[in-house]
Amino acid sequence: MANRNFRQRLKEYKRSPLSGLLFLLVCISAFIAVAVLIFLIIYILYHGIPNLTLPGLFAWEYNSENVSMMPAIINTVIMTALSLAMAVPLGVFSAIYLVEYAKRGNRLVKLVRITAETLSGIPSIVYGLFGYVLFVITLHWGYTLLSGAITLAIMILPLIMRTTEEALIAVPDSFREGSFGLGAGRLRTVFRIVLPSAVPGILAGVILAIGRIVGESAALIFTAGTNPVVPDSLFASTRTLSVHMYALMSEGLYTEQAFATAVVLLVVVIFINALSGFVAKRLATDK
Amino acid sequence: MKKYSETAMKYIFMASATVSIIAVVVICVFLFSKGFPTIAEIGVFNFLGGTVWKPLEGHFGIFPMIVGSIYVTAGAIILGVPIGILCAVFMARFCPPKLYKILKPAVDLLAGIPSIVYGFFALMVIVPVMQDIFGGSGKGILTASILLAIMILPTIIGVAESALRAVPESYYEGSLALGATHERSVFFTLLPAAKSGILAGVILGIGRAIGETMAVVYIAGNQPILPDSILSGVRTMTANIVLEMGYAADGIHRNALIATAVVLFVFILIINLSFSLLRRRND
């Protein structure tokens, strides 16, 4: 079926116009999906790149004259590092428990799966308000870097758990059997044999999580706040790049700067997606 | 000594695994403990059924926002689902491998673009187009629906594609053997067989659309009124929170916004539950 040529196809569609119509519809739909993406990217880049040269856009200090995005970029890196530092060990360890330790039909495993699924479905604004109620109201921390990082860590936990789980499951059982056969214990097998071969898969998940953190705004506005300076402690208010863009847009005066910020965000996201795909592909070819 | 570290690590792994359980419990406890008393204070009917939202005058009716969220989501589903499913069909059954290598990362990228960038794009592109075509502000249900349809595409495509790929090849071959064309085989045997998986993708898309905040807040118009046409401006529950949380004073106004998030959360829990029930039935 796959190797029929164009003329054969046309003949077939003449006999069955419905098939031709369906073929046309699927092609149009796929075209729409890609066209929207390409248009969005080109539009943002075309209108945004000239604005990257605005004076002081990358100045170290933010003020209302230059609305520099540099502090926001630094904050984004700090926020990402903090969230990952919390979520990656927890996520990887949970996945290790689910795949390597838990027995089949374990009740705890079912509960973990259900709750992880629930977490991944919660919208970011609900995370934001939860963080607000817990950290800002109940604990009286105010808007802080740490509140934002913890909120984001919970948000990306299910993503890291799922990708790590998939990566661990993909490690052939013969690896484990070989290690056990040589007299290694379960712990040594996990850390020396299973985890190293699952690293590319885990890494691909972590990179996707970075993308989520960089793009997040709704969960951060009411937990980390919108202060455009580099924080001097975990308990200072900060704004990440996405929140910076939100602030620029809501002030309504800085369309050009918003365009420039959109370019930076878009480039980062494209780079992150490409990197994740590349790492995942390496996983596929290694096996 | 070695034995000791083995068991210790086992319990550390187990403790990590319980973090997601704890997280869900803590989220529920904190949100509900703030939200439910507020809803009780305002009155369940006044809050959920009230059509007037004037916080400064003590009117806290979020019915227009609930309707707004549902309309915008419904619009996104109507526009996005057909395109998403057809695109998934293309990727699973029509796409040459070379094209797939471009298409799949493109769809993934569509999922990765931050919602704030989508919102900005819509404000700059879709809103002016709507102004030209229909007049008015260009912001409203239709504008928001179009953008949300784009944003839920990758979710629907991803789930629907894997559902289509999970259908046994024999279904397709059987249909071909009976003389059906490639297209007919795909649409009339594979698609019905993958129906419940595709439905699960649609439900997931509904969850995404109803919870979307930053993209919607700039293009939905944000009037807290019951809409009378698809061009009329609406305020979604998510937008209500973002718009007023910044300046809401301590007390009932702020608590009413948290209660709005609780209502949204309950919506999401129901959607999630139906998604996992549907998926369990598939397995």
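Potential lengthening of the chain between B:L277 and B:D132 amounts to 47.8 nm, from the contour at 0.36 nm per residue minus the alpha-carbon distance. Which of the three applies to the stretch B:1-97, rounded, prolate or oblate, going by the alpha-carbon gyration tensor with a ≥ b ≥ c and a/c under 1.5 meaning rounded? Here the stretch B:1-97 falls in the oblate category.
Per residue, how large is the accessible surface of chain A? Use a 1.4 angstrom probe and give square angstrom. Please report the intermediate quantities before stating the final value.
Details: 13200 Å² over 287 residues.
On a per-residue basis, chain A sits at 46 Å².
Entry note: chain A has Rg to Rh equal to 1.08, where both radii use alpha-carbon atoms and Rh is the Kirkwood radius. Between A and B, buried accessible area from a 1.4 angstrom probe totals roughly 6900 Å², ignoring ligands, DNA and RNA. Which residue fluctuates most in the GNM of chain A (Cα springs below 10 Å): A:T238, A:T138, A:T163? Looking only at A:T238, A:T138, A:T163, the biggest GNM fluctuation is shown by A:T138.
Within the listed set A:G20, A:G277, A:G215, the Gaussian network model of chain A (springs between alpha-carbon atoms below 10 Å) gives the highest mean-square fluctuation for A:G20.
Considering only B:P154, B:P128, B:P227, give the residue with the highest GNM mean-square fluctuation for chain B, with springs between Cα atoms whenever their separation is below 10 Å. Sorting by GNM fluctuation, first place goes to B:P128.
Remark on chain B: Rg and Dmax equal 22.8, 77 Å (Cα only). Here the accessible area of chain A is 66 percent carbon and sulfur, with a 1.4 angstrom probe and all protein chains present. Sorting A:R176, B:R279, A:R9 by accessible area puts them as B:R279, A:R9, A:R176; the probe is 1.4 Å, largest comes first, and only protein heavy atoms count. Heavy-atom accessible area with a 1.4 Å probe sorts A:R192, B:R235, largest first, into A:R192, B:R235.
Which values, in whole Å and largest first, are the semi-axes of the equivalent ellipsoid of the protein assembly as shown obtained as the square root of 5 times each eigenvalue of the Cα gyration tensor? Kindly include the intermediate steps, with their values, before the conclusion.
Numbers: eigenvalues 266, 224, 122 Å².
Taking √(5λ) for each eigenvalue gives 36, 33, 25 Å, largest first.
Taking every alpha-carbon pair in the stretch A:71-219 and binning the separations at 10 Å intervals from zero gives 11, 35, 31, 16, 6, 1 percent. The residues of the stretch A:117-151 listed by number as losing at least 50 Å² of accessible area in the complex, against the isolated chain and with a 1.4 Å probe, are A:E117, A:T118, A:P123, A:I125, A:V126, A:L129, A:F130, A:Y132, A:V133, A:I137.
Straight-distance candidates among the lysines for linking to B:K98, with alpha-carbon spacing under 20 Å and chain neighbours fewer than 8 residues away dropped: A:K281.
Only the Cβ atoms of Lys and Arg (+1) and of Asp and Glu (-1) were treated as charged; on that basis the dipole of the protein assembly as shown about its Cα centre amounts to roughly 2260 debye. Put B:T18, B:T7 in order of accessible area, highest first, and with a 1.4 Å probe you get B:T7, B:T18. Ordered from longest to shortest, the equivalent ellipsoid semi-axes for the stretch A:6-52 are 39, 9, 5 Å, each the square root of 5 times a Cα gyration tensor eigenvalue.
The values are calculated or read from the model by the stated rules, or taken from the named source; none is laboratory data. Owing to the predicted nature of the structure, the values given are computational and were not obtained by experimental measurement. For neighbour counting, all protein chains shown are included, and Cβ atoms are generated from backbone atoms with ideal geometry for every residue, glycine included. What goes into the accessible areas is simple: the full protein's heavy atoms, side chains included, and nothing from ligands, DNA or RNA. Shrake-Rupley method; radii C 1.70, N 1.55, O 1.52, S 1.80 Å.
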